[in-house]
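J.: After the structure tokens below, expect a handful of questions from me.
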Amino acid sequence: MDVSVTVNGTTYARDVEPRKLLIHFLRDDLDLTGSHIGCDTGNCGACSVIVDGVLVKSCMLLAVQADGASIETVEGISENGELTPLQQSFNEHHALQCGYCTPGMLMSATALLRDNASPSDAEIKKALQGNICRCTGYWNIFEAVKAVAK
């Protein structure tokens, strides 16, 4: 099936199998490997991307379902090749260890802060709850997001 999507500002048209997941389309067809494949069941959040302004787990969406959509991956959140304040905060607060969950955490936090620039502690925790991190214990991730919230 023909699929046309705009990813990080660039439009791509590809012929894809109807059963191909969006995460595999992004990684295998477009070579955008920043989003990680963690579980293929929607539980871990490592594959989170923003589709038409909505945070989604790309392992739960078929590529053909994204036809015509605007997609933002972790590769697209930097500004002119510079780290965003959120990315800098992750670095400053040591909000990563192995880094496997980091793309999903960054996308979840990005979506939250776009919708709510001044989230409460409870809102930050809720926004991150769909992401599993097996290394950090979450505290530094929470602190990194809180630090950039207005």
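J.: Filtering the stretch 40-52 down to residues that are in contact (Cβ under 8 Å) with a residue 40 or more places away in the chain and outside any strand (DSSP E or B), which residue is surrounded by the fewest Cβ atoms within 10 Å (Cβ to Cβ)? Steps first, answer last, please.
T.: Going through the stretch 40-52, the residues in contact (Cβ under 8 Å) with a residue 40 or more places away in the chain turn out to be 43-50.
Subsequent filtering for residues that are outside any strand (DSSP E or B) retains 43-47.
Numbers: 43: 14, 44: 22, 45: 24, 46: 24, 47: 28.
Filtering the stretch 40-52 for residues that are in contact (Cβ under 8 Å) with a residue 40 or more places away in the chain and outside any strand (DSSP E or B), the one surrounded by the fewest Cβ atoms within 10 Å (Cβ to Cβ) comes out as 43.
J.: Among 19, 14, 27, which is surrounded by 15 or more Cβ atoms within 10 Å (Cβ to Cβ) and at pLDDT 95 or above?
T.: On the way: 19 fails: surrounded by 15 or more Cβ atoms within 10 Å (Cβ to Cβ); 14 fails: surrounded by 15 or more Cβ atoms within 10 Å (Cβ to Cβ).
On inspection, the qualifying residue turns out to be 27.
J.: Right, something else. Mind listing just one residue for me: the one in the stretch 111-137 that is surrounded by fewer than 12 Cβ atoms within 10 Å (Cβ to Cβ) and of a type in the set (A, V, I, L, M) and, of those, nearest to residue 39 (Cα to Cα)?
T.: For the stretch 111-137, the residue satisfying everything is 122.
J.: May I pose another question? Please enumerate the residues belonging to the stretch 53-74 that are in contact (Cβ under 8 Å) with a residue 40 or more places away in the chain and within 9 Å of the chain's Cα centre (by Cα).
T.: 55, 57, 72, 73, 74
J.: Is it the case, given these coordinates, that residue 4 is in contact with a Ser or Thr (Cβ under 8 Å, 6 or more places away or on another chain) and assigned to a loop (DSSP other than H, G, I, E, B)?
T.: Considered against the rule, which asks whether it is in contact with a Ser or Thr (Cβ under 8 Å, 6 or more places away or on another chain) and assigned to a loop (DSSP other than H, G, I, E, B), residue 4 comes out as no.
J.: Now for a different question. Starting from residues that are exposed (fewer than 15 other Cβ atoms within 10 Å of the Cβ) and assigned to a helix (DSSP H, G or I), keep the ones in the stretch 81-96 and report whichever is farthest from the chain's Cα centre (by Cα).
T.: The selected residue is 92.
J.: Tell me which residues, restricted to the stretch 97-106, are touching a residue at least 60 places away in the same chain (Cβ under 8 Å) and either of a type in the set (Val, Ile, Thr) or part of a helix (DSSP H, G or I) (or both).
T.: Residues of the stretch 97-106 that are touching a residue at least 60 places away in the same chain (Cβ under 8 Å), as a first pass: 100-101, 103-105.
Across the stretch 97-106, the qualifying residues are 103, 104, 105.
J.: Filter the stretch 52-102 down to the residues that are in contact with a His (Cβ under 9 Å, 6 or more places away or on another chain) and of a type in the set (S, T, N, Q) and list them by number.
T.: 58, 102
J.: Against the definition (outside the structural domain of residue 140 (by TED's automatic domain parsing), surrounded by fewer than 23 Cβ atoms within 10 Å (Cβ to Cβ) and within 26 Å of residue 148 (Cα to Cα)), how does residue 78 come out, yes or no?
T.: Values: outside the structural domain of residue 140 (by TED's automatic domain parsing): yes; surrounded by fewer than 23 Cβ atoms within 10 Å (Cβ to Cβ): yes; within 26 Å of residue 148 (Cα to Cα): yes.
Spelling it out, residue 78 is indeed outside the structural domain of residue 140 (by TED's automatic domain parsing), surrounded by fewer than 23 Cβ atoms within 10 Å (Cβ to Cβ) and within 26 Å of residue 148 (Cα to Cα).
The values are calculated or read from the model by the stated rules, or taken from the named source; none is laboratory data. Since this is a predicted model, take the numbers as computed values, not measurements. Reconstructed Cβ throughout: ideal geometry from the backbone, glycine too, with neighbour counts over all protein chains shown.
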